[in-house]
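The values are calculated or read from the model by the stated rules, or taken from the named source; none is laboratory data. Everything numeric here is computed off the predicted structure, so don't read it as measured data. All Cβ positions, even for glycine, are placed from backbone atoms using ideal geometry, and neighbour counts span all protein chains on display. The protein model used for the area step is the full one, side chains on, heavy atoms only, and it has no ligands, DNA or RNA in it. Shrake-Rupley method; radii C 1.70, N 1.55, O 1.52, S 1.80 Å.
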Amino acid sequence: MEPGNGTQISEFHLLGLSQAREQQSLIFGLFLSMYLITVLGNLLIILAISSDSHLHTPMYFFLSNLSLVDICFTSTTVPKMLVNIQTQSKVITYEGCITQMYFYILFAVLDNFILTVMAYDRFVAICHPLHYTVIMNPRLCGLLVLVSWIMSVLNSLLESLMVLVLHFCADLEIPHFFCELNQVLQLACSDTFLNNMIMYFSAGLLGGGPLGGILYSYSKILSSICGIPSSQGKYKAFSTCASHLSVVSLFYGTSLGVYLSSAATHNAHSSATASVMYTVVTPMLNPFIYSLRNKDIKRALERFLGR
């Protein structure tokens, strides 16, 4: 590589959410609290489902997978941020940055797929109730989760390997609290046209595709609910998917909000602050949404904690 064109680097610097030292303690305490609540809340959901035989159904099997993915998703970014604040360091190694980026993309896409699979489960349960147990058999449920993992791993591997071939300039400061793909690409001296094409194509295909599937499923669900004659029947049918609908709205609403805010302001700091919503806040709120709105989960948690 010619001097000045780029260099093989050993580390990046994560600028975080704030440069002000007086705000670091507040940010540390806030993120540590949210992380512990996220891990504990989602872990309780997993343990409650696994310990209650009444919840060994497709819907709760997918919910336990969602909780596991949410723990992993948050764990890819927050612990490193907390360590950097505590040690007053902004450094993340090149290998660490690529690894963090790989797992972040993997669990973000996997979260998306699990939500889509859950929407399909609700579609079958409400639109084809008589065939539900036949269609949503254990083999299909396991296969849906396995395919979701495989597609997420392959996509994340592709995007991470594409970054490995890039050379980077002298300015290696990332205006974010984690190694976000788009921010890393902006630091490259190499041509990133192919990287950007793959990134936007993947976002469109693996983000837009599942969202389209969710919207289609709920359009059919809404149509079926409207066809139920009694108001009590309508309420019961809708209540089975209300929690999932809330989580989907929160996930896609915050993700879309981050995209629009960064596109409108072109301010990396604003984008980093907004991304806290779907990387930390959404996984933290998911257990509360399911435990407060779902009587089965609430009873299972009471039994588990009452032991």
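Of I45, I49, all but one fail to be open to solvent by less than 20 Å² (accessible area, probe 1.4 Å), among the hydrophobic types (A, V, I, L, M, F, W, C), over 23 Å from S255 (Cβ atoms) and in contact (Cβ under 8 Å) with a residue 12 or more places away in the chain; the exception is I49. M34 passes every criterion in (1) closer than 24 Å to T273 by Cβ; (2) open to solvent by 90 Å² or more (accessible area, probe 1.4 Å); (3) at pLDDT 75 or above; (4) not hydroxyl-bearing (S, T, Y) apart from (2). Within the stretch 64-121, the set of residues being surrounded by 20 or more Cβ atoms within 10 Å (Cβ to Cβ), farther than 30 Å from G142 by Cα and among the aliphatic types (A, V, I, L, M) comprises M81, I85, I92. In a residue-by-residue description of the stretch 167-189, the property of being open to solvent by 30 Å² or more (accessible area, probe 1.4 Å) and among the β-branched types (V, I, T) applies to no position. As a summary of the residue check, S89 satisfies the conditions (1) over 25 Å from M162 (Cα atoms); (2) at pLDDT 95 or above except for the one numbered (2). Those residues that are over 22 Å from F61 (Cα atoms) and among the polar types (S, T, N, Q), I need them from the stretch 272-307; list them, please. If the condition is that a residue be over 22 Å from F61 (Cα atoms) and among the polar types (S, T, N, Q), then T273, S275, T279 are the ones that fit.
Across the stretch 190-203, the qualifying residues are those that are touching a residue at least 12 places away in the same chain (Cβ under 8 Å) and open to solvent by less than 80 Å² (accessible area, probe 1.4 Å), and the one among them that is farthest from F107 (Cα to Cα) is S190.
For S239, which of the numbered conditions (1) among the small types (G, A, S); (2) at pLDDT 90 or above; (3) surrounded by fewer than 18 Cβ atoms within 10 Å (Cβ to Cβ) fails to hold? In the conditions (1) among the small types (G, A, S); (2) at pLDDT 90 or above; (3) surrounded by fewer than 18 Cβ atoms within 10 Å (Cβ to Cβ), S239 misses (2) alone. How many of the residues in the stretch 126-143 are open to solvent by 100 Å² or more (accessible area, probe 1.4 Å) and either in contact with a His (Cβ under 8 Å, 6 or more places away or on another chain) or of a type in the set (K, R) (or both)? Residues that pass the stated criteria total 1.
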